[in-house]
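Notes follow once the structure below has been shown.
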Amino acid sequence: MGPTTTAISRLHLVTDTRPDRDVLDLLRAVLAIGTPLVQLRMADDRTDRDACALAVQVVALCAEHAASCLVNDRVDVALAAGADGVHVGADDLPVAVARRLLGPAAIVGATVRDAASATRAVSDGASYLGVGPVYPTRSKPGLPPPVGPAGIAAVTAAVPGTPVIAIGGVTAGRVPELLAAGAHGVAVIGAVSAAADPARAAAELLAAVGRADD
């Protein structure tokens, strides 16, 4: 199994893959105010060499700020760059394979949508579960219908003790109802990357999820 619930950060920043977004500039701003975990999502048209080079830079930048770095989808890039782990979706390498390749200490996140897939992912070694989209979102096209806070509640009930991270249309104002539904934390893309002041947006989200520890 992966890290305990308390070891999984409550705020995950997923990087924006659009070509007009400067990933490193964004990360410098949000890591400086204490963003604890970055999920590096890369555009599909990047070469393996470019993907690895970017991941190495992001891993180093996260390390400077004592933040964790996960690579979305690409277990090979996570290994090559020395990332803290990976987040895999339904079409990526299976959770059990990612866990075997990365080892027992790595963070392995898995995207799920229901109790059955959640139970299976935890059994296969997932450290935490990403559930969504919770609300409508334009950050990633072609997503299935939103599960809503009720979907979060259903998954958390099925896998007690496993951190559930809500993703999709999450804003600071929506955090309280997600935590009330059982989410351990949230993952965001547009709420930070599309904000006029990304650092301030990240700080507001950190404050919102931090109330769960009060």
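The values are calculated or read from the model by the stated rules, or taken from the named source; none is laboratory data. Every value quoted in this text rests on a predicted model; they were computed, and no experiment measured them. Reconstructed Cβ throughout: ideal geometry from the backbone, glycine too, with neighbour counts over all protein chains shown.
List of remarks:
- Per the conditions (1) free of Cβ contacts under 8 Å to residues at least 12 places away in the same chain; (2) closer than 21 Å to residue 164 by Cβ; (3) of a type in the set (Ser, Thr, Tyr), the sole criterion not satisfied by residue 47 is (2).
- Filter result for residue 166 (under 14 Å from residue 10 (Cα atoms), touching a strand residue (DSSP E or B) at 6+ places or on another chain (Cβ under 6 Å), without any contact (Cβ under 8 Å) to a residue 60 or more places away in the chain and not acidic (Asp, Glu)): yes
- Set 145, 133: member being surrounded by fewer than 22 Cβ atoms within 10 Å (Cβ to Cβ), part of a loop (DSSP other than H, G, I, E, B), at negative phi and under 17 Å from the mean Cα position of the chain (by Cα): 133
- Screening residue 112 on (1) within 23 Å of residue 190 (Cα to Cα); (2) more than 16 Å from the chain's Cα centre (by Cα) shows it passes everything except condition (2).
- Among the residues listed as 78, 63, 53, the single one being assigned to a helix (DSSP H, G or I), crowded, with 21+ Cβ neighbours inside 10 Å and among the small types (Gly, Ala, Ser): 78
- Candidate set from region 27-53 (those that are of a type in the set (Gly, Ala, Ser) and within 13 Å of residue 72 (Cα to Cα)); member that is modelled with the lowest pLDDT: 43
- Residue match in region 107-115 (condition: farther than 22 Å from residue 44 by Cα, modelled with pLDDT of 95 or more and part of a strand (DSSP E or B)): yes
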